[in-house]
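> Once you've had a glance at the structure underneath, I'll fire off some questions.
The values are calculated or read from the model by the stated rules, or taken from the named source; none is laboratory data. Quantities reported herein were computed from a predicted structural model and do not represent experimental measurements. Every residue, glycine as well, gets a Cβ built from its backbone with ideal geometry; the counts of neighbours run over all protein chains shown. Just the protein is used for accessible areas: all its heavy atoms, side chains included, with ligands, DNA and RNA removed. Shrake-Rupley method; radii C 1.70, N 1.55, O 1.52, S 1.80 Å.
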Amino acid sequence: SHGLGPVALANELLAFVTSKDLDLQLTPEGLDAFEHEVGVPDSPLCPKTPGDGGEPSHPLPAAPGPAWKHPSLVNVPLQGSQKRSNSTPETPRPKRAPSSRSPYGLFSPGSFSPSVTPSQKYSSRGGRGEVVASFGSVQSPAWSGRGGCAVKLFGCPEENLTKPYKFMFQKALDVREALAGRVEELGEVLRRHHGLDGFTSTALPAQEPVTVLGQITCDGNGKLNAKSVLLVGDREHSGGAQVPLDLSELPEYSLFPGQVVALEGTNSTGRRMVVSKLYEVTLLPGGILGGIEQRMVLVACGPFTPSDGVAFEPLSDLLEVVARDRPDVCILLGPFLDAKHEQVESCQLLGSFSDVFRLCLRTIIEGTRSAGSQLVLVPSLRDVAHDFVYPQPPFPFPDLPKEDRARVLLVPEPCTLDIDGVVFGLTSTDLLFHMGAEEISSSSGISDRFTRILRHILTQRSFYPLYPPSEELNVDYENLSAFAALPVTPDVLVTPSELRFFIKVSGDPKPPGAGTARNSSGNKAREGPGWGWRVPRLGFSQKSPLSPHGAARKCRGHL
């Protein structure tokens, strides 16, 4: 008779008890007061006294403005408010029409996008199939694989991120411990390699040259420059004390925030250190490489959609290339469904993010099945349907078909792969762009910025040594030190970037080939020790064992 369901009635009762500051233990008097104030007719909550005309036995004066009628508690329109129209809008929201196609079929232009016309930018692009950069011998053997080889994560399972973890629970003390531990670890490497006697405090005045250990930082929130460089001393010798640096006597240098260095210089007043020598961390040794036959590795990166639609036409073209060339390994780096895409940001997809993402993965897995290639899927922080944290766990895919479990490898971001004895370092984060925006340098000769940044990554022994990180990244520092450190110097480093593509040898003596390519308007990129969105691939054409860091002499690549 009161016209309210159990949940609505309970909400009203809770609002009444809370507003009157009554005991939560229900009593007949309290129910009488609730019935009188709320005005619920014929309520079964309180029995009526015979002959009283249906009135409660203990009536209470009504208080003005009952709490349950407040607009924040119930959806009752206030005076002067407009009621929601129940009529059909003139332009109804597009609904997903039933389709007879297989849910595992390739994407069509109208699958998940309101725009049913194919991308004009993608179809009219120029330079399709053009090689824009090469490395090594470009002659035979031809680009073709046998469709499979041994691929695994480098190192033991405990050293790799294999499952999701809780994030956004970091404490400042835990972050400090992670950063201090990294400084101490690299400081020991510097001491042993350069034969240093020890380190002194950054806060003590010194008339004679002394050696200090610490981390480069900026004296403000702006961009680092030669006049704003600070050294945050290590915990053991300096207690974290900061000292400004005078770099005028250094003939050449390359510094960025977060870099761990050892410096030699004088600090006559204890307020500024005049640096005369810079000690940098050395490269890690390479992996133990065995003899391998020719291998073809195809690398491609997202987004796999053109900028003017979510039609996944580039992905379909990529899968055709995989089926034609049958690479031994196909490495795909995210984003697979880009969080920065205009139609994703405005929620114009005709399905949920997770549905579109799962269908994308199923399309890739089925599209590469006939080629027999080992498939490696690397997530990205721009994947809208995945955890936004760095390091990033692998994609969850519990319904992966049994027939594909042996050839599909879901890896974290970043990761280190062992492909038949050749070590690949993979990351989908634009660390070149992030570090390039913060790095400062001075050199008497010609200096290549890309080479400097790549060398920093290798010598700092981390996939992301920048601190503080870019605002685009959500970094968990405890897991960063555990799972984003380089276990060895990779033979091939693959990284995406908005900067210009390249394939080059970086570091010395002859360490990994490294490179990058930019994704422009849906084009693919192809290369060897680099990366991009135009079918990157790398062929190893040697039959003799590789020496550490010898992959650059034994491989060839096209971008």
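> How high is the FRET efficiency between residue 252 and residue 130 when r is their beta carbon distance and R₀ equals 30 Å, given to the nearest 0.05? Can you show the working numbers first?
Values: r = 37 Å, r/R0 = 1.24.
In this case the efficiency is close to 0.20.
> First compute the accessible area of the stretch 213-295 with a 1.4 Å probe, then give the percent of it belonging to carbon and sulfur atoms. Let's see the in-between values first.
Values: 1680 of 3670 Å².
Solvent-exposed carbon and sulfur of the stretch 213-295 make up 46 percent of the total.
> List every residue whose amide H lies under 5 Å from the amide H of residue 423, counting only residues 5 or more places away in sequence or on a different chain, with H placed 1.01 Å from N in the peptide plane.
491, 492
> Still on this structure, I have one more. Keeping every protein chain present and rolling a 1.4 Å probe, give me the accessible area per residue for the stretch 132-271 in Å².
It amounts to 56 Å² per residue over the stretch 132-271.
> If R₀ is 45 angstrom, what is the calculated FRET efficiency for the pair residue 474 and residue 123, using the beta carbon separation as r and rounding to 0.05? Kindly include the intermediate steps, with their values, before the conclusion.
Numbers: r = 36 Å, r/R0 = 0.81.
After rounding to 0.05, the efficiency reads 0.80.
> Can you pull the one-decimal nm distance between simple spin-label points at residue 168 and residue 20, each 7 Å off the Cα toward Cβ?
3.9 nm
> Enumerate the aspartates and glutamates that residue 340 could reach by cross-link, defined here as Cα to Cα under 13 Å, with residues fewer than 8 away along the same chain left out.
The qualifying aspartates and glutamates are 308, 383, 472.
> A further question follows. Please report, to two decimal places, log10 I(q)/I(0) for the stretch 166-242 at q = 0.16 Å⁻¹ as given by the Debye formula with identical point scatterers on the Cα atoms and no solvent.
Taking Cα atoms of the stretch 166-242 as identical point scatterers yields -0.70.
> What ranking do 412-425, 243-256 get when scored by the average of other Cβ atoms within 10 Å per residue, highest first? Don't jump to the answer; show the numbers that get you there.
Numbers: 412-425: 23.5, 243-256: 17.3.
Going from most to least packed, we get 412-425, 243-256.
> Per residue, how much accessible surface does the stretch 315-410 expose to a 1.4 Å probe? Answer in Å², no decimals.
Values: 3450 Å² over 96 residues.
Using a 1.4 Å probe on heavy atoms only, each residue of the stretch 315-410 averages 36 Å².
> Give me the one-decimal nm value for the distance between modelled label points at residue 323 and residue 228, 7 Å along each residue's Cα-to-Cβ direction.
5.4 nm
> Once amide H atoms are placed 1.01 Å from N in the peptide plane, what residues at a sequence separation of 5 or more from residue 408, or on another chain, have their amide H within under 5 Å of its amide H?
When sequence neighbours closer than 5 places are left aside, the close amide H contacts are 375.
> Roughly to the nearest percent, how much of the accessible area of the stretch 331-439 is carbon and sulfur, given a 1.4 Å probe?
Details: 1740 of 3350 Å².
After summing per-atom areas, the C and S share lands at 52 percent.
> Once you place label points 7 Å from the Cα toward the Cβ at residue 27 and residue 403, how far apart are they in nm?
7.3 nm
> Given the convex hull over the Cα atoms of the stretch 205-363, what projected area results after averaging over all orientations, in nm²? Please list the in-between numbers first.
Details: hull surface 66.0 nm².
Its average projected convex-hull area is 16.5 nm².
> Magnitude of the Cβ-charge dipole of the stretch 156-226, K/R +1 and D/E -1, about the Cα centre, nearest 20 debye? Please list the in-between numbers first.
Values: 8 positive and 10 negative charges, 70 e Å.
In debye, rounded to 20, the stretch 156-226 gives about 340.
> Take the alpha carbon atoms of the stretch 358-411, find their radius of gyration, then divide it by 2.2 N^0.38 Å using N residues; give the quotient. Mind showing how you got there, number by number?
Values: Rg = 11.6 Å, N = 54, 2.2 N^0.38 = 10.0 Å.
Normalised Rg, Cα atoms only: 1.16.
> Same structure, new question: Taking H as built 1.01 Å from N, whose amide H comes closer than 5 Å to the amide H of residue 381, not counting residues under 5 places away?
Hits under the 5 Å cutoff: none.
> Could you give each residue of the stretch 273-286 its phi-based ³J(HN,Hα) in whole Hz, using Karplus coefficients 6.51, -1.76, 1.60 with θ = phi - 60°, and x for Gly or Pro?
9, 8, 7, 10, 8, 10, 9, 10, 5, 8, 6, 5, x, x
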